[in-house]
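The structure appears below as structure tokens.
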Amino acid sequence: MKPEHSLDNPWTTLETKPVYSNPWISVREDQVINPGGGNGIYGVVSMKNKAIGIIPIDDEGNTWLVGQYRYPLNEYSWEIPMGGGPVELDVLESAKRELKEETGLTAAEWTKIARIHTSNSVTDEEGFIFLAEELTHGETEMEETEDIKIWKLPFPEAVRMAMNDEITDAISVAGLLKAEKILLTRRPK
């Protein structure tokens, strides 16, 4: 049985101070009264885009990962194709653009499989993950800041990588595991 809880906000914001802003994020510091009644501060990173992740699956059961060096982590990362979509743009349109940009693929069949919050204790980032099927190959359209490697591999191998912490990006792990569950339910009994 699900425990009962109040949907009312137990936090009181006393003051908000903008600390930093660039084209992708803004950071603010709030003076708050926490749920226990004490005074405190809360830092919030607000994203200026939606996070968009795509799991392309071809007719043979292959998928594509993209690899790139992630500056904040100081390490290389294999991930599903993903990027940021403007808040005012439909998330599906952003997903189509990101898939084409990073892999050169277009898809005739799109299924939204998840809405997630990537790290909801410090950021308001909202992510959407799509399954892209009925693929057509084309040319990539990468941005100048992207030094991306593209890897086509069997979908179960990508899931294995997520399970073995070889893929650690939250959107990728959530998307791969959820896609696996969805694809398993489609198999004939």
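The values are calculated or read from the model by the stated rules, or taken from the named source; none is laboratory data. Nothing here was measured: the structure is a model prediction, and the numbers come from that model. When we count neighbours, we look across all protein chains shown, and the Cβ atoms used for this are built from the backbone with ideal geometry, even at glycine.
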Self-check item: Cross-chain or 6+ apart pairs with Cβ under 8 Å, the range 20-35 first and under 14 Å from Thr123 (Cβ atoms), then outside any strand (DSSP E or B) and at pLDDT 95 or above
Solution: Trp24/Lys48; Ile25/Lys48; Ser26/Lys48
Quiz item: Just wondering, is there one or more residues in the range 155-178 that are farther than 18 Å from Gly104 by Cβ, assigned to a strand (DSSP E or B) and either of a type in the set (A, V, I, L, M) or assigned by TED's automatic domain parsing to the domain that holds Leu65 (or both)?
Solution: no
Quiz item: Does the range 88-145 hold any residues that are loosely packed, with under 12 Cβ neighbours inside 10 Å, touching a residue at least 40 places away in the same chain (Cβ under 8 Å) and under 12 Å from the mean Cα position of the chain (by Cα), and which are they?
Solution: Ser119
Exercise. Kindly list the number of the only condition in (1) assigned by TED's automatic domain parsing to the domain that holds Phe130; (2) touching a strand residue (DSSP E or B) at 6+ places or on another chain (Cβ under 7 Å); (3) of a type in the set (Phe, Trp, Tyr) that fails for Tyr71.
Key: (2)
Quiz item: Looking only at the range 71-102, which residues are in contact with a helix residue (DSSP H, G or I) (Cβ under 6 Å, 6 or more places away or on another chain) and of a type outside the set (A, V, I, L, M, F, W, C)?
Solution: Glu79, Pro81, Gly83, Gly85
